[in-house]
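The values are calculated or read from the model by the stated rules, or taken from the named source; none is laboratory data. Just so it is clear, the structure is predicted and the values come from calculations on it, not from any experiment. Neighbour counts are summed over all protein chains in view; Cβ atoms, including those assigned to glycine, are modelled from backbone coordinates with ideal geometry. Quick note on the areas: whole protein, heavy atoms, side chains included, nothing else; ligands and nucleic acids left out. Shrake-Rupley method; radii C 1.70, N 1.55, O 1.52, S 1.80 Å.
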Amino acid sequence: MAVKKALILGALTLTTVMGPCGGEDIVADHVGTYGTNVYQTYGDAGQFTYEFDGDELFYVDLEKRETVWRLPEFSNFTKFETQSALRNIVVTKRNLDILIKSSNFTPAANKIPEVTVFPKASVTLGIPNTLICLVDHIFPPVVNITWFHNGRSVAEGVAETTFYPKSDHSFLKFSYLTFLPSADDFYDCRVEHWGLEEPVLQHWEPETPTPMSELTETVVCALGLAVGLVGIVVGSILIIRGLHLGGVSRRGRTT
C-alpha cells in the first residue's frame, strides 16, 4: 500500500433514538442511523450506509449504483432509491473541498488499528467454519486486508463488509474467510494501513488437545489401578468388620 495522506469527511447523518418518554434522562432501546455519508480525497472514494442498533441494513454501491442489502431478505420489505444517496455524496464532496481549503490542506491524523482473528463457531476438525478478521479503530477508512493459508495468499471464500462508523469517528471492518479446519493448517490475516509502520500479521490455528505421552498414560493407569485396589481392600475390611460385629451382637442376646 502506497503511503499517502487523506482528508476525510463524514456528514449528513440522521440518528433516530427510540426509548420511553419521560422527563428523566433518556435511555435508548434502539438507535437507527440513516444516511451516513463518507467521502475522502484518496481515490475519490465514498460510502453511504443505513444502520440499526449498530448493524448495517444496507449500503449503496456507488460504482454499480445499486443498493446492497446486508441480508437479501430485507429487500422484500422495503426499497431505497439510490439516486438520493448519490446526491448526498455529491454534496459531501463539495463540503469536503471547502473544508480542505479552509484547513490549509492539513492532512487527517492516522490512527493505529487493532486486529483480532477468531472463528465464527466452535471449531471442530473437518466441519466447515468461518474465520473472522476484525479490524478496529480505523482512521482514515482506507485499509488492505489479506488472508493467508499456510503462508499462501487466499482469494477464494473471502468476503468483506463496508466500513462501520463508530461514536469516536473511527471505523471498524470485518473480513471473512470460509475454511475447513485441519490440525495441520494455519491462517494469517494481514492488515495494511497508514497508521502502521509495517503490516500487522495476526496468526490463528485450531487448538487441538495435546496427546498424552506413553509415560503419562502409564502413570494414569497405575494410579487408577491403585485407587481401585485400595477401594477393594477398604470395602472388604468394612464388610468383615460388619459381619464380626453382627456375630458378637447375636451371641450377647443368646447369653
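General observations
- If you go through the range 181-203 and pick out every residue that is open to solvent by 60 Å² or more (accessible area, probe 1.4 Å) and at pLDDT 95 or above, you end up with 7.
- As a summary of the residue check, H137 satisfies the conditions (1) surrounded by 13 or more Cβ atoms within 10 Å (Cβ to Cβ); (2) more than 18 Å from the chain's Cα centre (by Cα); (3) not aliphatic (A, V, I, L, M) except for the one numbered (2).
- Among residues of the range 44-70 that are under 19 Å from Q83 (Cβ atoms), those with a beta-carbon under 8 Å from a residue that is polar (S, T, N, Q) and open to solvent by 40 Å² or more (accessible area, probe 1.4 Å) at least six positions away or on a different chain give the pairs F48/N88.
- Selection from the range 160-178 of residues that are surrounded by fewer than 15 Cβ atoms within 10 Å (Cβ to Cβ), at pLDDT below 95 and either part of a strand (DSSP E or B) or at positive phi (or both): E160, H169
- Test: residue in the range 140-159 that is part of a strand (DSSP E or B), touching a residue at least 60 places away in the same chain (Cβ under 8 Å) and buried (at least 16 other Cβ atoms within 10 Å of the Cβ): no
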